[in-house]
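Report on the structure given below.
The values are calculated or read from the model by the stated rules, or taken from the named source; none is laboratory data. Fair warning: this is a prediction, and the values are worked out from it, not measured in the lab. Virtual Cβ from ideal backbone geometry, glycine too; neighbours counted across all protein chains shown. To get the accessible areas, we keep the full protein, side chains included, count just its heavy atoms, and leave off ligands, DNA and RNA. Shrake-Rupley method; radii C 1.70, N 1.55, O 1.52, S 1.80 Å.
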Amino acid sequence: MSNIKPNHLSQQPNSLDNAHSNAIEVTDIPLALYIHIPWCVKKCPYCDFNSHELPVDSQLSMYAEYVDALLQDAAMQQILTQGRKIGSIFIGGGTPSLLPIAQYQRLFDGLRHFYQFASGIEITMEANPGTLEHAPFAEYLAVGINRLSIGVQSFSAEQLTTLGRIHNPKQALSAIKAARTAGFERVNVDLMHGLPEQTMSEALDDIQMAHDAGATHISWYQLTIEPNTVFYRSQPILPDEDRLADIEQAGQTLLQDLGYHNYEVSAWSGAADKPCRHNVNYWQFGDYLAIGAGAHGKVTVGEGLIDKKVSNDVTTDVFSSNEENHQAGIYRFSKSRMPKDYMEYQQACHQDGMLTQAPKMVGWQAIDKEELVSEFMLNALRLHGGVAWSLFETRTGLSYDSIEIQVTKLIEQGLLMDIPEQLQPTELGKRYLNQILRAFL
């Protein structure tokens, strides 16, 4: 396989036993921040995200207390930056546009105190057309949010009712146009296809209407029925596989004709826009901190942070009491899912070693060697242009030789391109991503 192996990669036996012989330089790994706002006006029947309907007795003080918790959480995770700047922020939910603008001002003032923001930072907020009256778009721009992702899903009134959305087509169109008028140069529109009894013309009309209204980026993804949702318990009638394939092919053709570039399985950037930096960081196996109820993060811990922790003699809920989790490596973590539980603080530590109170860390677990391979591939292969092979070593610490046999077979099967510098699926591989992924399990 000498024609494919990158020359700069280390020579190791084809085994994961020695896979961590390559030291990871943490400062070379980009860092992002995810913020979760857990409330929504109404839970949609297809939604399996960590979202909770607003309490009937909700008050403004609830939002203030939640932002207090977010800032305590951010302060506790400051130590995990390890000198890096935040390159992107994504505010998801729930419905983030429910949070009052005054609380966003508090939140970003606090975040800038704890973290260094990179020049030209991308800050995305998800928004629901049915709740955008809570703040004019210009006010979101004023606090630093410079990219919107509007959850339209469909411009069909009938489909919106089926999906349990609280907005109508007119509100959806108005939201996109208002965002552009206010000065947002980057506006993503989320659209679903493969909806119950959806016709080809309905699916294509959704794309055309989003484009005509001013969308600069479109996330166009198929409705899937997930466990623990209303649709799972009472499943609607979805288009059959042949119709789904026809809709997908026709939709992709229309998006291409309209000037959109399909850089990821369901993500399309317009001619005047660019890929979502935050999501690309996920797919390139970068690091991301996470604050908020149910938020999940992934961070690489370097030897320098371990040395600092030991020197401070600190026990925090960033590091579990398990001795194995006091070592350099790549970790995943999560926060308590319920907002009430999230705001029940426990002892934690700031970067300066001072003890404080912060939201609970309910999961802090090292990713083992076998999982690192599959997780890297699961993310990287979503990008149609692939990723540089060098990222496999620099982001995982594993040697290329540990996966050489699998890669050779996939190239021979026509699923991966035979390119020395790039891990990239072929056109056939894009259609059979699951088969590629199974090779690395």
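Cα centroids of region 59-105 and region 157-187: how far apart, whole angstrom? Taking the Cα centre of region 157-187 as reference, the centre of region 59-105 is 25 Å away. Ranked by the mean number of other Cβ atoms within 10 Å per residue, highest first, peptides 52-61, 276-285 order as 276-285, 52-61.
Remark: the E197-Y221 segment gains 7.0 nm on full extension, using 0.36 nm per residue and subtracting the alpha carbon distance. In this structure, Q116 and Q249 have a Cβ-Cβ separation that, at R0 = 30 Å, corresponds to a calculated FRET efficiency of about 0.10.
Legend: calculated FRET efficiency, D257 to R337, from the Cβ-Cβ distance at R0 = 35 Å, rounded to 0.05, equals 0.25. Which FRET efficiency value, to the nearest 0.05, do you get for E371 and A138 by plugging their Cβ-Cβ distance into 1/(1 + (r/R0)^6) with R0 = 41 Å? It comes out at approximately 0.40. Annotation for region 365-387 versus region 405-436: alpha-carbon center distance of 14 Å. Pairs with C-alpha atoms separated by more than 26 Å, drawn from the list K85/K177; K42/K85; K177/K340; K298/K360; K85/K430, are K85/K177; K42/K85; K177/K340; K85/K430. The distance between label points at I101 and Q413 comes to 5.3 nm (points 7 Å beyond Cα on the Cα→Cβ vector). For the chain, the relative contact order comes to 21 percent (Cα pairs under 8 Å, sequence separation of at least 6). Every helix of 4 or more DSSP H residues in the chain counts as -39500 (n - 2.57), and over all residues that averages to -10000 deg cm²/dmol at 222 nm. Projected label points at F49 and M62, each 7 Å from Cα along the beta carbon direction, are separated by 1.8 nanometres. Measuring nothing but alpha carbons in region 350-441 and taking Rh as the Kirkwood radius, the Rg to Rh ratio lands at 1.15.
When the Cα convex hull of region 121-250 is projected onto planes of every orientation, the mean area is 8.5 nm². For W39, the residues whose amide H sits under 5 Å from its own are H52, T95, ignoring neighbours fewer than 5 places away on the same chain, with H placed 1.01 Å from N. Residue ranking by accessible heavy-atom surface, 1.4 Å probe, largest first, among T181, T81, T253 comes out as T181, T253, T81. You can think of it this way: the chain between E185 and K430 has 85.2 nm of extra reach, that is 0.36 nm per residue less the Cα-Cα gap.
Packing-based ranking of 69-78, 328-337, 239-248 yields 69-78, 328-337, 239-248, ordered from highest to lowest mean Cβ neighbour count within 10 Å. When DSSP beta bridges are restricted to pairs lying wholly in the chain, around 45% turn out antiparallel. With one equal scatterer per alpha carbon and no solvent term, the Debye-computed log10 I(q)/I(0) for region 57-181 at 0.11, 0.14, 0.21 1/Å reads -0.44, -0.68, -1.23.
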